[in-house]
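Notes follow the structure.
Laboratory data are not the source of any read-out in this text; all were calculated from the coordinates shown. A quick note: this is a predicted structure, and the numbers were derived from the prediction, not measured. FYI the Cβ positions are ideal-geometry reconstructions off the backbone, even for glycines, and counts take in every protein chain you see.
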Ligand SMILES: [Zn+2]
């Protein structure tokens, strides 16, 4: 299945699920794709806000690269860098204050919220590169955290 963000000629935005791009084109050509709000069949794909086209490739979106290796520097860290990192770490901690740790269930829970299968809340956890990539390709907004987060049960 593939999901497209669609928009009608009155500017209503909605999601459409199709077996493939060809399936979408076929259904649209036969006037089977219509706006759920006004019934208009003048439907086009809405511009995808966060997606970045991959160069020389028809794939619709590219996952931002996640670091697999840690950049390192030899010698003492300049104080302004240490201070900036400290502030960023504090900002992340504040942002996560009201967020619930879900551990390895992150991808599953994020997906359930995106598709309205459960009430939305702020969560954080961990995802494999494959899971993060899959979420991104489904158009589900997630972002890697700048600093690693220790699971609450490992803090004590
Ligand atoms: Zn409409």
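Counting other beta carbons within 10 Å of each Cβ, put 45, 87 in order, fewest first. Please report the intermediate quantities before stating the final value.
Numbers: 45 14, 87 10.
In increasing order of surrounding Cβ atoms, one gets 87, 45.
Show me the ranking of peptides 12-19, 121-128, 105-112, 142-149 by mean Cβ neighbours inside 10 Å, starting with the highest. Spell out each step's value before the answer.
Details: 12-19: 13.8, 121-128: 15.2, 105-112: 17.2, 142-149: 11.4.
So the order, starting with the most tightly packed, is 105-112, 121-128, 12-19, 142-149.
Taking R0 as 22 Å, what FRET efficiency do you get between residue 14 and residue 138 from their Cβ-Cβ distance, rounded to the nearest 0.05?
Details: r = 16 Å, r/R0 = 0.73.
My answer for the efficiency is 0.85.
At a Förster radius of 41 Å, what calculated FRET efficiency corresponds to the Cβ-Cβ distance of residue 27 and residue 96, to the nearest 0.05? Working shown, then result.
Values: r = 42 Å, r/R0 = 1.03.
That pair, residue 27 with residue 96, gives E of 0.45.
Using a basic spin-label model with each label point 7 Å from the Cα along Cα→Cβ, how many nm lie between residue 88 and residue 44?
3.9
Just to be sure I understand the curve: with the Debye formula and one point per C-alpha of segment 84-156, what is log10 I(q)/I(0) at q = 0.12, 0.27 Å⁻¹?
Log-scaled intensity ratios, in q order: -0.35, -1.34.
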